Amino acid sequence: MQSQNLTLKPISGFIGAEIQGVDLSQAISDEVVQQIKAALFDYGVIFFRKQNLRPADQIALAERFGEIEVNRFFTPVEGYAQIAEVRKEAHQKHAIGSQWHTDHSYDVAPALGSIFYAVELPPFGGDTAFASMVAAYDHLSDGLKETLDQLKAWHSAMTVFGKNHDNVPPAVLHPIVIRHPETGCKALFVNPVFTTRIDGWTEAESQPLLKYLYEFATQPAFCCRLQWHPGSLAFWDNRITQHLAINDYDGHRRLMHRITLKGRPLSA
Ligand code: SIN
């Protein structure tokens, strides 16, 4: 059981830290779990390098942080229903997640986060970018914060998954500004893939404000970018971040294993 001191290196001003000094293929102590959780909540996304995880190790690791959410829409890794494959083949043009988004914001209880592990990487590119929704909220004017604090928005998986799946859940309503369930920090909770409109507003009325928020929230200063290497692992807090798969490696294969953890309903 590992319980050593971890080293934490922030990688940008508002989001992302690399953690060194832990082998995630081995059992980790409760103390290490608490240290990792604290870093996750503080930095929004944490990275580990040079890991060597079999699917069963990734599942065991995830179970230390919560209950696994089995994805309804993604192809699972053979023999491991808990792990979703995020795959782009050399002949494919489209990459999953290549627009800014928050996973599972269409659920009544949006996911806590995801543990994402590099299995096969292209020779270049295929990075993932992350944006801090805490920094985004903090930097809005007091006037806009006051307005947004009162509003809710609808989220739906229909446009993305509706064509190919008949198990798309009904649209759900979440506050536009949520409080992190553990730290109480306020964060913006809208994203361009799953948010459809502001409650009580039409789509046409909602779009200008939502578009402004998406652009504001993903400005470079609130973002970090992970360059993957074999054995890299990212763990993001889905409630306070958005992420984006950078699709710049046509002609090459990229295969990642994603485990998503169940969250709870979010409140303002
Ligand atoms: C995702 O959106 O979960 C995938 C991100 C990535 O492939 O980098």
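The values are calculated or read from the model by the stated rules, or taken from the named source; none is laboratory data. The structure displayed is predicted, hence computed values, not measured ones. Counting neighbours? That spans all protein chains shown, and the Cβs are built from the backbone with ideal geometry, glycine included. Areas reflect the complete protein model, heavy atoms only, side chains present, ligands, DNA and RNA absent. Shrake-Rupley method; radii C 1.70, N 1.55, O 1.52, S 1.80 Å.
Of note:
- Inter-part distance where region 6-28 and region 233-268 are each reduced to a Cα centre, Å: 17 Å
- Calculated from backbone phi, Karplus (6.51, -1.76, 1.60) coupling profile of region 255-266 in Hz, x at Gly/Pro: 10, 10, 10, 10, 10, 10, 9, 5, x, 10, x, 9
- Degrees separating the helix 30-43 axis from the principal Cα axis of the chain, which is the longest one: 40 degrees
- At most 15 other Cβ within 10 Å, DSSP loop - chymotrypsin sites (Phe, Trp or Tyr not before Pro), region 47-84: Phe73
- When the inverse distances between all different Cα atoms of region 43-170 are averaged and flipped, the Kirkwood radius reads 17.6 angstrom.
- Secondary structure note: in the chain, about 95% of the DSSP beta bridges are antiparallel.
- Within the chain: Cβ-based charge dipole about Cα centre, in debye rounded to nearest 20 (Lys, Arg +1; Asp, Glu -1): 280 debye
- Carbon/sulfur fraction of accessible area - the chain, other protein chains in place, 1.4 Å, %: 50 percent
- Region 138-160 and region 69-110: distance between their alpha carbon centers, rounded to Å: 25 Å
- Directionally averaged projected area (convex hull, Cα atoms, the chain), nm²: 13.9 nm²
- 20 Å cut-off, amide nitrogen to a point 7 angstrom out along Asn167 Cα→Cβ, residues in region 40-81: 67-81
- Fully extending the segment from Asp248 to Asp30, taken as 0.36 nm per residue of separation minus the present Cα-Cα distance, adds 74.6 nm.
- Length available on full extension from Asp149 to His229: 0.36 nm per residue minus the Cα-Cα distance, which gives 24.8 nm.
- Looking at region 1-61, the accessible area is 49 square angstrom per residue; that uses a 1.4 Å probe and ignores ligands, DNA and RNA.
- Of all segments of the chain bounded by GluC sites (Glu not before Pro) found in a DSSP loop with no more than 15 other C-beta atoms within 10 Å, the longest spans 90-181.
- Heavy-atom accessible area per residue - region 164-268, 1.4 Å, Å²: 42 Å²
- Principal axis dimensions, region 113-268 - Cα atoms, whole angstrom, descending: 46, 38, 29
- Between Ile11 and Phe73, the FRET efficiency from the beta-carbon distance, with R0 = 30 Å, is close to 0.50.
- Tyr212 versus His139: modelled label distance in nm, points set 7 Å from Cα along the beta carbon direction: 1.6 nm
- For region 97-167, the list of chymotrypsin sites (Phe, Trp or Tyr not before Pro) that fall in a loop by DSSP and count at most 15 other C-beta atoms within 10 angstrom reads Phe124.
- Distances between placed amide hydrogens fall under 5 Å for Ser98 paired with Ala245, all partners being 5 or more residues away or on another chain.
- Cα centroid separation, region 184-225 to region 31-48 (Å): 25 Å
- Residues Glu182 and Ser98, FRET efficiency given R0 of 30 Å [Cβ-Cβ distance, rounded to 0.05]: 0.50
- Within-10-Å neighbourhood charge of Leu8 [Cβ basis; K, R +1; D, E -1]: -1
- Estimated vicinal HN-Hα couplings, Hz - region 231-245 in sequence order (Karplus 6.51, -1.76, 1.60; Gly, Pro = x): x, 6, 9, 10, 10, 10, 8, 5, 6, 10, 9, 10, 9, 8, 7
- Only lysine pairs 8 or more places apart or on separate chains count here, and in the chain those with Cα atoms under 25 Å apart total 18.
- Helix 203-217 and the longest principal axis of the C-alpha atoms of the chain enclose an angle of approximately 40°.
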